[in-house]
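What follows is a set of notes on a single structure, which appears directly below.
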Amino acid sequence: MSTKERLTEDMKQAMKDKEAGKLRLSVIRMVRASIKNVEIDRKKELAEEEVLDVLAKELKLRRDAMAEFEKANRLDLVENLEKEVAVLMAYLPQQLTEEEVRVFVADAVQETQASTAKDMGKVMAALMPKVKGRADGKLVNTIVREMLNN
């Protein structure tokens, strides 16, 4: 079952669950609307990988907003966004641990023969297709910087 089909089925189930699925239902509807908007913009149906890209983008938006709300000390909004993130995470592939990301980064550094921070672009270009959707870009970027500055 594709992610889009799963979203549709889960939306139907959330509607049937009435009150218990309100947050889940709203998050699924927002994600489905984002996917539909991208499909309209590109004038084609999205492939599975492109749907996962949209999901990852939605997740990133929520995480960025959470950071801003934490700075503003709006813990009520942070709590709500954490719940939304949990709903979205169910549709993304299993996320890599920091140790697994470090292994991928080390391989990419060796593969590109990078040695300084100037080579970061080459490393990221080689690395991102391998970890796309499975690791947070900020984490990957931080680890690459750390390894190249040593």
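The values are calculated or read from the model by the stated rules, or taken from the named source; none is laboratory data. Just so you know, these numbers come straight off a predicted model, no measurement behind them. Here the Cβ is made from the backbone with ideal geometry for all residues, glycine too, and neighbour counts use every protein chain on show. For the accessible areas, the whole protein counts, side chains as well, though only heavy atoms, and no ligand, DNA or RNA atoms are used. Shrake-Rupley method; radii C 1.70, N 1.55, O 1.52, S 1.80 Å.
The figures follow:
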| quantity | calculated |
| --- | --- |
| Filter pass, E84 being modelled with pLDDT of 85 or more, in the same structural domain as V51 (by the TED database) and surrounded by 15 or more Cβ atoms within 10 Å (Cβ to Cβ) | yes |
| Failed criterion for R102 (all others in (1) outside the structural domain of V144 (by the TED database); (2) touching a residue at least 40 places away in the same chain (Cβ under 8 Å); (3) open to solvent by 30 Å² or more (accessible area, probe 1.4 Å) hold) | (1) |
| Unique match (being open to solvent by less than 80 Å² (accessible area, probe 1.4 Å), within 16 Å of K132 (Cβ to Cβ) and among the aliphatic types (A, V, I, L, M)) among L7, L25, L92 | L92 |
| Residue in the range 33-53 that is part of a loop (DSSP other than H, G, I, E, B) and either in contact (Cβ under 8 Å) with a residue 12 or more places away in the chain or over 27 Å from E5 (Cβ atoms) (or both) present | yes |
| Hits in the range 106-130 - residues which are outside any helix (DSSP H, G or I) and open to solvent by less than 30 Å² (accessible area, probe 1.4 Å) | A114 |
